[in-house]
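The values are calculated or read from the model by the stated rules, or taken from the named source; none is laboratory data. Not measured: the values here are computed from a predicted model. Here the Cβ positions follow ideal geometry from the backbone for every residue, glycine too, while neighbour counts run over all protein chains shown.
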Amino acid sequence: MIEVENPRIVNLKQSLEKRILVIDGGMGTMIQTYGLSEAGFRRARFAGHNHDLRGNGDLLTLTQPQIIAEIHGQYLEAGADILLTNTFSSTVVAQADYALTDIVTELNYEAARLARKVADEFSARTPDKMRWVAGALGPTNRTASISPDVNDPGFRNISFDELRSAYGQATAALIDGGADFILIETVFDTLNCKAAIFAVEETFDAKGVRLPIMISGTITDLSGRTLTGQTPEAFWYSVRHAQPFAVGLNCALGAEQMRPHIAELARVADTAISAYPNAGLPNGFGGYDETPETTAAHVGEWARSGLINLAGGCCGTTPAHIRAIAQAVADVAPRKIPARPKTMRLSGLEPFIFPIASDTQPEFAR
């Protein structure tokens, strides 16, 4: 196993120490502005497909690549440092809803290749400011921890191994397409995330390379917990073994509602903290009304309070939001990553910390 220490990854690590990096904003939000019809999603290649395809934004990587490239470019123009690949639903699990499981490898490969191309074009314009590509693994539309049938609590419509296989297929293609690191995002079920971590590590082993990993959970409502019930601290202890270069939260909440949960992660995590909230909470029509200035004001306060190392936007955010966020954090030093004492940290729905006085501890306690 060799860790891929290409110049982009070295530069990523160095840049994280110097400044707050900016992640791009909502992809689906921007796709909706193009008002594409069913035919616009299908184009010639999928004209005869026997399933509705409108709404499958990941498919546009293949049928409307110029739109996805344009959106990537708008976010980089706005000040983003990191592009997420257009692969939120690019697993066989999610694409089964569109009867497109056979193109999943192509979706991931082409999405990474396209984002890589745009990022490299912008990096070439400003050699002193590199851009990076995050190979995004979305949560899928199934949960390994909760039954979808209230009358059968023990039932599961997805298994760990099915998730593992799906994530492994996607990860391999993202690596081949040129992703700089792997992002496991919008985690609402930690068991799904563990399947993704297992698959990513397995893929690294198979390919003989290792990329950095970033993990982003989602607090689904004002309870302050993931959908499967974990607090942010417990979630961190559940995934810390993956040694991500960054952990954080995205989606579900606006910046105002997300702040206490980001603060909780910043308190306990001995790695970089990322945050890309929605543009406020959704309105009655499922849209988002929070202005770029309001979102940026919140994120800027997080930065000045020493809570974050990476910041961006999720649902409802646009290039205007990213531009405002980039300006808000531009002159603020990144959060200092704390050194945490060697302690056994366990987690269920709540964290459990068992202090061990001796400097000599078994590996599992570190």
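Region 269-363 holds strands (runs of 3 or more DSSP E) entirely within its bounds, and those carrying 2 or more residues that are among the small types (Gly, Ala, Ser) map to 272-278. Taken together, the residues in region 99-150 that are of a type in the set (Val, Ile, Thr), surrounded by 15 or more Cβ atoms within 10 Å (Cβ to Cβ) and closer than 14 Å to Ala80 by Cβ amount to 2. Residues of region 78-132 that are basic (Lys, Arg), at pLDDT 95 or above and not in a helix (DSSP H, G or I): Arg131 alone. Within the set Ala279, Ala269, Ala252, the sole residue that is closer than 25 Å to Ala78 by Cα, out of contact with any Leu (no Cβ under 6 Å at 6 or more places or on another chain), modelled with pLDDT of 95 or more and surrounded by 21 or more Cβ atoms within 10 Å (Cβ to Cβ) turns out to be Ala279. Between Gly248, Gly229, the distinction of being in a loop (DSSP other than H, G, I, E, B) and either touching a strand residue (DSSP E or B) at 6+ places or on another chain (Cβ under 6 Å) or not hydroxyl-bearing (Ser, Thr, Tyr) (or both) belongs to Gly229 only.
In this entry, Arg142 passes the filter for residues that are touching a residue at least 24 places away in the same chain (Cβ under 8 Å), farther than 23 Å from Leu346 by Cα and in a loop (DSSP other than H, G, I, E, B).
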